[in-house]
Amino acid sequence: MGSETIELRKPVAEDGMALFDLVERCQPLDTNSSYCNLLQCSHFADTGVAATLANQLVGFVSGYIKPNEADVWFVWQVAVGAEARGCGLAKRMLQSVLSRPALQQVQYLETTITPDNEASWALFTSLAKTLNAPMEKSVLFEQQQHFKGRHKTEYLVRIGPFPPSAE
Ligand SMILES: CC(C)(COP(=O)(O)OP(=O)(O)OC[C@H]1O[C@@H](n2cnc3c(N)ncnc32)[C@H](O)[C@@H]1OP(=O)(O)O)[C@@H](O)C(=O)NCCC(=O)NCCS
């Protein structure tokens, strides 16, 4: 199955509970409250994307424009159901949000990744290469200092600035 058979669209509030279920089956992602998922699908719909196959939610990117940094799109979570993995869907979803007119001012993508999440490192490394943009890594939230030992260190990945588009 190619990812192009999957439809991408802006989320709506009615996606909230399906998003909760999708994240739950996409380990190692942390689940959020269903209320948080509803906000991601409504208040943050312009900076997120839902991927559906036969009206079922199979992929989702949640994110927002960073408060006080209008040129940074912060990607909160990327989730692709096991049935839709390995066909370029995650990368396609990220690129589709970046190409929206509403994100024209965005010059950087930021996200966080734990050290052992190979798929996520591969995804964002591949995206940086495709976008022809530099990628930097630093510690954002540290295991002991910030999580009191309850969660692995989250590394901040910053991709950008994006090169000017060839229009
Ligand atoms: C990570 C995840 C979103 C990738 O989704 P996907 O649609 O299969 O990814 P894509 O097909 O777009 O792959 C993009 C790149 O990452 C690579 N990649 C994807 N999964 C990989 C894996 N498990 N191991 C190694 N590389 C992987 C692909 O080979 C591809 O590289 P390329 O462009 O150089 O060919 C999906 O596996 C997932 O939801 N995992 C659980 C949740 C999670 O960890 N999310 C990311 C943190 S926010």
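The values are calculated or read from the model by the stated rules, or taken from the named source; none is laboratory data. These numbers were taken from a predicted model, which means no experiment stands behind them. Please note: Cβ atoms are built from the backbone with ideal geometry, for glycine as well, and neighbour counts cover all protein chains shown. For the accessible areas, the whole protein counts, side chains as well, though only heavy atoms, and no ligand, DNA or RNA atoms are used. Shrake-Rupley method; radii C 1.70, N 1.55, O 1.52, S 1.80 Å.
For region 36-91, a residue qualifies if it is in a helix (DSSP H, G or I), open to solvent by 30 Å² or more (accessible area, probe 1.4 Å) and not aliphatic (A, V, I, L, M), and the qualifying residues are Asp46, Glu83, Lys91. Only residues that are farther than 29 Å from Arg25 by Cβ and within 16 Å of the ligand (Cβ to nearest atom) were counted in region 65-79, giving 0. Just one of (1) within 27 Å of Thr52 (Cα to Cα); (2) at pLDDT below 95; (3) of a type in the set (Gly, Ala, Ser); (4) open to solvent by 70 Å² or more (accessible area, probe 1.4 Å) fails for Ala102. It is (4).
Taken over region 143-167, the criterion of being on the phi < 0 side of the Ramachandran plot, modelled with pLDDT of 95 or more and open to solvent by 90 Å² or more (accessible area, probe 1.4 Å) is satisfied by Gln144, Gln145, Arg150, Lys152. Of note, Ala84 does not satisfy the criterion of being under 13 Å from the mean Cα position of the chain (by Cα), within 13 Å of the ligand (Cβ to nearest atom) and farther than 22 Å from Leu156 by Cα. Inclusion of Glu136 among residues that are in a strand (DSSP E or B) and open to solvent by less than 60 Å² (accessible area, probe 1.4 Å) is not warranted. Just checking, which of Val72, Val97, Val61 is among the hydrophobic types (A, V, I, L, M, F, W, C) and over 29 Å from Arg150 (Cα atoms)? Criteria check complete, one pass: Val97.
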